[in-house]
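Student: One structure coming up, written as structure tokens, with questions to follow.
The values are calculated or read from the model by the stated rules, or taken from the named source; none is laboratory data. Source: prediction; values computed, not measured. Cβ placement follows ideal geometry from the backbone for every residue including glycine, while neighbour counts extend to all protein chains displayed.
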Amino acid sequence: MQFGGKRPRAAGATAMAAAVIGGLLGGAPAATAAPVDHGAPGAATPERDSSEGTPPVWPRPQSLRARGSEVALGDEATLIADGDADPYALDALRGLLHDAGVRTVNEATPGGKAPARGLVVHVGGKGATNALRALRAPERGDLPSGGYLLATGPVDGHPTVALSGVGPDGLFHAVQTLRQLLVKRESRGSAFAGVTVRDWPATAVRGTTEGFYGSPWSHRDRLAQLDFMGRTKQNRYLYAPGDDTYRQARWRDPYPAERREEFRELATRARANHVTLGWAVSPGQEMCFSSSKDLKALLRKVDAMWALGVRSFQLQFQDVSYSEWHCGADADEFGSGPEAAATAQAKVAGALARHLADRYPGSAPLSLMPTEYYQDGDTEFRRALAGALDQRVEVAWTGVGVVPRTITGGELAGARSAFGHRLVTMDNYPVNDWAQDRIFLGPYTGRDPAVATQSAALLANAMEQPTASRIPLFTAADFAWNPRGYRPQESWQAAIDDLAGNDTKTRAALRALAGNDASSVLGGDESAYLRPLIDAFWTALGGTDVERLERSAERLREAFTTMRDAPERLSRTLGDDVRPWLDQLSRYGDAGVRAVDMLTAQARGDGAAAWKAQLAVEALRERIGDSRVTVGKGVLDPFLAKALVRADAWSGVDRTPKLGLRTGKEDRAAADGKAATEVSSPGRPVTVRFGRSRPLASVSALTARVRDAAPGTVEAHVPGAGWRRIGALSGSGFTQVRAAEGDKDLSADAIRLSWPEGTTPPAVHEITPWFGDTPDAGLTLSHKTADAQIGGDAAVVEAQLVSHRPGDVNGDLTVKAPHGITVRAPDGVTAPRGGTATARLEISVAKGTKPGSYSLPVRFGSEERMLTLRAHPHTGGPDLARAEGAKATSSGDETADFPASAAIDGKADTRWSSRAEDGAWLQLELAHPARIGRLELNWQDAYASRYRVQVSKDGRTWRDAATVAHGKGGLESIGMDAPGTRFIRVQGVERATRFGYSLWSVAAYAVRKD
């Protein structure tokens, strides 16, 4: 990015879809099944239905109140403007009325005769003041520059709009708000919503920087960006492309004539949009700081840019070293080191600031981006700069870090104190030149309101992709205008709809693109709208409700279809510079649709359709991997990977590496556990050997599809009898044949695929035997041990069941429990082909049951697993660890700030922390011996993944009362039965993090005497 010092290296739909994405994207309250229309791009007026109430306005006003009925617009309106009203605001207002269907706009003199009919619009002056008062608008009070008052309603029997602005921009801002209050209805024409607005910008200077490395924006892109900035009430555009040599290495040289004309046009467009055109110069690598000649050249260049219409300047020295000078005179005058660099930079900045103030009175303050623009704290460089820099100069910084996740008001105040000057916050979001595989389309987040209100200016650094940048820049403008009323998700929705316009399918496509490019250093959840759809699909796929699966599959398929069709939907909205991400999104969408088809086909037993879809998914995933751009990071690719794993489990591909199969070198791909690999066009049978004779129940084979030729046969080798045909290969590419002889499995030691002579065999992807000497299903338990309180709540253990057959396996899950222990288990369970069934076991211990450990065999089919249940007595009473006389010690505290005593002091903001040792421990000495039944540990982030709870009567002889083999952190409750305990030790075995152990609190409870 421009503010990183060095050039970065390159880094590696339907209405239903609109409803799905609109309802899930970011979880915004305004995003319901029917998308809320926030307006179209460009100068076109947004269409809204009056049933929505007062239309939303962006940036969000400081105060907007609905009042009365709408103000209808007819064919005629009268515009009464104060003599010094802003001409650009008036032009925008006339355009708005024309777009609203007003054919005739009469212009009258303030104080003249009232019009006979039609809408009356008062713009500034006494007429607006009187109308605002009649409409009971708030008082103007101390509105800052850029603020405005707006009200609509009847005045003296006339439908009226009144606008009054403060400073040069206020009226223009009022018109931008009025534009969004227009409601167009097919039946009754257009109207303005009935409102009163008192609004102002919280940040005096707010806008955009074009400051990335890479291909600069085109002139057309910049003009469009200025129009966008005017609509979103931004007022500063800083031109600072990283690859413009005329502001860096060739800073002394004038721009070519064509470029100069472009700057003049930019300045004209900027004025029309009430945007100040800024220009940054970065001469540090080609400048002699002590040279009067170079200083004069700099002033000449600035004068030349002023003549082209530039009205704000920034001097950039972020890439200047402390000790490397470009002329010997600099070393002689300034020396070396941080203080020398600060003094040199202050000298040049001061001279330029004085020049601007003298020659162009009232010009915007110069800003300086110094060498230390992102560091934290008070440094030698900053102290020197603060002392030497002209007080008129503002200092540019990026926050603490080049691309900080957060910027706080405290960090801003600290930097301002260190620099001794007002700060221009140059926020490096959404710029992406440092991560060129990404586009950052998520909302602006992580900045305290004070960053907006206390910065001299807040500028967001845009991406190389100008149109796509408008989504995050829209939200940044919303934040800068009203940071305390800023709601990121709602603003983000509005930004997407603003760019997409009114077409439902275009909005759905843009929401899909933005939703899958939403994460960044600032945070945000990638593909957040897709996650619940994916989760619902996986849940339904693991169940038995066919209709639920169909519904969840359809919703997910529609979302993926929108992604697939996004390039077509967005070709006119976004430029070619976003095409790589659109194409990648489309590939993921296509693969997603086919993955859903693949899994649902398997669910209904259609192996041929599933295999056809799987081949397409594999091919698309390969193309996805060849792309250099990233979309849907952490969501889309894991979904496809999981889908393929599930598909391989269904077809048995995942089993082949575990079966000890043997092949010739040329046939290895036929039994490697990878459906994507293949034995290409074999001219001979493809054979898979077992190593010994085994009962063969069936065979699955995956091959390329065959349309015209004979597909071939599946054969098994029977020892002593030779090869035996057991079935024909399917032309669909998916084959599953039984090998059994009646009810008895066929004893075989090899299988093969063969073809008649003279035919061209298809590619063979995988051959999978299913044996009769393996369990029908696999059984695992979520926990090998479980704890339950006697007479208390049930312990819950989950049993996972996986079919080891080419079909579902049905059976009963049984648990043999001793007297006093009750287990609730489902009556019948189905282990699905290719998936995992989860059965919930609830284990209760009745009152009167003796405390201790009990073995409970859990069985499904021929598989059995042993569950150990630890029954603990009921606990209650006070926390013995906090009783008077209780003490806490440890093997060693990290520092004196985190003592062992903090774990039992009852304070929520103190904690104990150990040294970074696995064997560290915390020990409690109770005031009196007790029968301990429960220990509660409240871990900080640094917790133990494995530990033991030991008890002792005397603090010398210890025994294990409980063992935790899978600690999860947070609040953990450990049951035990430890009579006569005076000492309790939490003995660490293994840390879950690189830090020591840390506990907010420890509580100990005695067994209750019932």
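Student: Those residues that are among the charged types (D, E, K, R) and surrounded by fewer than 16 Cβ atoms within 10 Å (Cβ to Cβ), I need them from segment 770-793; list them, please.
Tutor: ASP773, LYS784, ASP793
Student: Could you list, in sequence order, the residues of segment 499-519 that are out of contact with any Lys or Arg (no Cβ under 7 Å at 6 or more places or on another chain) and either surrounded by fewer than 24 Cβ atoms within 10 Å (Cβ to Cβ) or within 19 Å of SER455 (Cβ to Cβ) (or both)?
Tutor: Residues satisfying the conditions are GLY501, ASN502, ASP503, THR504.
Student: If you don't mind, another one. Consider ASP91 carefully, then state whether it is under 44 Å from the mean Cα position of the chain (by Cα) and at pLDDT below 95.
Tutor: Taking the combined requirement at face value, the residue does not satisfy it.
Student: Among the helices (runs of 4 or more DSSP H) confined wholly to segment 538-631, which include 2 or more residues that are more than 30 Å from VAL699 (Cα to Cα) and among the β-branched types (Val, Ile, Thr)?
Tutor: Counting at least 2 such residues, we get 546-564.
Student: Please state which of the following conditions LEU779 fails to meet, knowing it meets all the rest: (1) at pLDDT below 95; (2) touching a Lys or Arg at 6+ places or on another chain (Cβ under 7 Å).
Tutor: For LEU779, the exception is condition (1).
Student: If you take the residues of segment 195-213 that are buried (at least 20 other Cβ atoms within 10 Å of the Cβ) and small (Gly, Ala, Ser), which of them is farthest from ARG65 (Cα to Cα)?
Tutor: Among them, the one singled out is GLY211.
Student: Follow-up question, since we're still on this one. Could you count how many residues in segment 633-657 are closer than 14 Å to VAL688 by Cβ and either out of contact with any Gly (no Cβ under 9 Å at 6 or more places or on another chain) or part of a helix (DSSP H, G or I) (or both)?
Tutor: Total satisfying the criteria: 4.
Student: Return the residue satisfying two criteria in turn: it lies in segment 290-307 and is more than 16 Å from GLN248 (Cβ to Cβ) and in contact with an Asp or Glu (Cβ under 9 Å, 6 or more places away or on another chain), and of such residues it is surrounded by the fewest Cβ atoms within 10 Å (Cβ to Cβ).
Tutor: SER291
Student: Exactly one condition in (1) among the aliphatic types (A, V, I, L, M); (2) in a loop (DSSP other than H, G, I, E, B); (3) more than 20 Å from GLY284 (Cβ to Cβ) is not met by VAL402; state its number.
Tutor: (3)
Student: If you don't mind, another one. Give segment 576-618 a look and list any residue that's over 18 Å from ALA675 (Cα atoms) and surrounded by fewer than 18 Cβ atoms within 10 Å (Cβ to Cβ), or say none.
Tutor: Of everything in segment 576-618, those that are over 18 Å from ALA675 (Cα atoms) and surrounded by fewer than 18 Cβ atoms within 10 Å (Cβ to Cβ) turn out to be ASP576, ARG579, PRO580, ASP583, ARG604, GLY605.
Student: Follow-up question, since we're still on this one. Any residue at all in segment 469-477 that's modelled with pLDDT of 95 or more, under 22 Å from GLY146 (Cα atoms) and over 18 Å from the mean Cα position of the chain (by Cα)?
Tutor: Checking segment 469-477: at least one residue is modelled with pLDDT of 95 or more, under 22 Å from GLY146 (Cα atoms) and over 18 Å from the mean Cα position of the chain (by Cα).
Student: Considering only segment 354-393, state which residues are acidic (Asp, Glu), farther than 24 Å from LEU522 by Cβ and either modelled with pLDDT under 95 or buried (at least 22 other Cβ atoms within 10 Å of the Cβ) (or both).
Tutor: Within segment 354-393, just ASP378 meets the criteria.
Student: What are the pairs, 6+ residues apart or on separate chains, where a residue within segment 911-936 that is within 14 Å of SER952 (Cβ to Cβ) has its Cβ under 6 Å from a residue that is surrounded by 19 or more Cβ atoms within 10 Å (Cβ to Cβ) and among the basic types (Lys, Arg)?
Tutor: Listed pairs, sorted by first residue: TRP921/ARG985; GLN923/ARG985.
Student: Scan GLY230, GLY242 and give me the residue that is of a type outside the set (S, T, N, Q) and outside any helix (DSSP H, G or I).
Tutor: So the residue among GLY230, GLY242 that is of a type outside the set (S, T, N, Q) and outside any helix (DSSP H, G or I) is GLY242.
Student: A further question on this structure: I want to confirm something. Restricting to segment 738-760 and keeping residues that are in contact with a Lys or Arg (Cβ under 9 Å, 6 or more places away or on another chain) and acidic (Asp, Glu), which single residue is surrounded by the most Cβ atoms within 10 Å (Cβ to Cβ)?
Tutor: My answer is ASP745.
Student: Right, next: Scan VAL796, VAL764, VAL809, VAL714 and give me the residue that is buried (at least 18 other Cβ atoms within 10 Å of the Cβ), under 30 Å from VAL823 (Cα atoms) and of a type in the set (A, V, I, L, M).
Tutor: VAL809
Student: Inspect all residues belonging to segment 70-87 and state whether any of them is part of a helix (DSSP H, G or I) and either surrounded by fewer than 16 Cβ atoms within 10 Å (Cβ to Cβ) or assigned by TED's automatic domain parsing to the domain that holds PRO154 (or both).
Tutor: Checking segment 70-87: at least one residue is part of a helix (DSSP H, G or I) and either surrounded by fewer than 16 Cβ atoms within 10 Å (Cβ to Cβ) or assigned by TED's automatic domain parsing to the domain that holds PRO154 (or both).
Student: Related question: Check segment 430-447 and report whether any residue there is in a helix (DSSP H, G or I) and farther than 14 Å from VAL403 by Cα.
Tutor: No, segment 430-447 has no match at all.
Student: Can we say THR453 is more than 27 Å from GLY575 (Cα to Cα), among the hydroxyl-bearing types (Ser, Thr, Tyr) and not assigned by TED's automatic domain parsing to the domain that holds ALA839?
Tutor: Judged against the criteria, THR453 is a match.
Student: Residue check: is LEU937 within 15 Å of TYR997 (Cβ to Cβ) and out of contact with any Lys or Arg (no Cβ under 9 Å at 6 or more places or on another chain)?
Tutor: Yes; evaluated as a whole, the condition is true for this residue.
Per-residue answers, yes or no, for (1) touching a Leu at 6+ places or on another chain (Cβ under 9 Å); (2) farther than 30 Å from THR849 by Cβ; (3) assigned to a strand (DSSP E or B):
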| position | (1), (2), (3) |
| --- | --- |
| ALA750 | no, yes, yes |
| PRO762 | yes, yes, no |
| GLY792 | no, no, no |
| ALA799 | yes, no, yes |
| VAL802 | yes, yes, yes |
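Student: Something else about it: Evaluate segment 673-683: report whether one residue or more is within 21 Å of GLY807 (Cβ to Cβ), in contact with a helix residue (DSSP H, G or I) (Cβ under 8 Å, 6 or more places away or on another chain) and either crowded, with 19+ Cβ neighbours inside 10 Å or acidic (Asp, Glu) (or both).
Tutor: The answer is yes, given that some residue of segment 673-683 is within 21 Å of GLY807 (Cβ to Cβ), in contact with a helix residue (DSSP H, G or I) (Cβ under 8 Å, 6 or more places away or on another chain) and either crowded, with 19+ Cβ neighbours inside 10 Å or acidic (Asp, Glu) (or both).
This table checks each residue for (1) part of a helix (DSSP H, G or I); (2) within 15 Å of HIS421 (Cβ to Cβ).
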{"residue": "ALA304", "(1), (2)": "yes, no"}
{"residue": "ALA346", "(1), (2)": "yes, yes"}
{"residue": "ALA349", "(1), (2)": "yes, yes"}
{"residue": "HIS355", "(1), (2)": "yes, no"}
{"residue": "ASP378", "(1), (2)": "no, yes"}
{"residue": "ALA386", "(1), (2)": "yes, yes"}
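Yes/no per residue for (1) modelled with pLDDT under 95; (2) over 48 Å from the mean Cα position of the chain (by Cα); (3) within 13 Å of THR78 (Cα to Cα):
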| site | (1), (2), (3) |
| --- | --- |
| ARG117 | yes, yes, yes |
| HIS122 | no, no, yes |
| GLY146 | no, no, no |
| GLY157 | yes, yes, no |
| VAL161 | no, no, yes |
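Student: Right, something else. Among the residues of segment 627-670 satisfying the criterion of being of a type in the set (Asp, Glu) and in contact with a helix residue (DSSP H, G or I) (Cβ under 7 Å, 6 or more places away or on another chain), which is surrounded by the fewest Cβ atoms within 10 Å (Cβ to Cβ)?
Tutor: ASP654
Student: If we only count strands (runs of 3 or more DSSP E) wholly inside segment 840-905, which ones have 2 or more residues that are within 30 Å of LEU781 (Cβ to Cβ)?
Tutor: In segment 840-905, the matching strands (runs of 3 or more DSSP E) lie at 852-860, 863-872.
Student: Let me ask another. So in segment 804-817, with the set limited to residues that are assigned to a strand (DSSP E or B) and out of contact with any Leu (no Cβ under 8 Å at 6 or more places or on another chain), which one is farthest from ALA697 (Cα to Cα)?
Tutor: The extreme case among them is THR814.
Student: So SER527 fits all but one of (1) assigned to a loop (DSSP other than H, G, I, E, B); (2) under 27 Å from VAL400 (Cβ atoms); (3) of a type outside the set (Val, Ile, Thr); what number is the exception?
Tutor: For SER527, the exception is condition (2).
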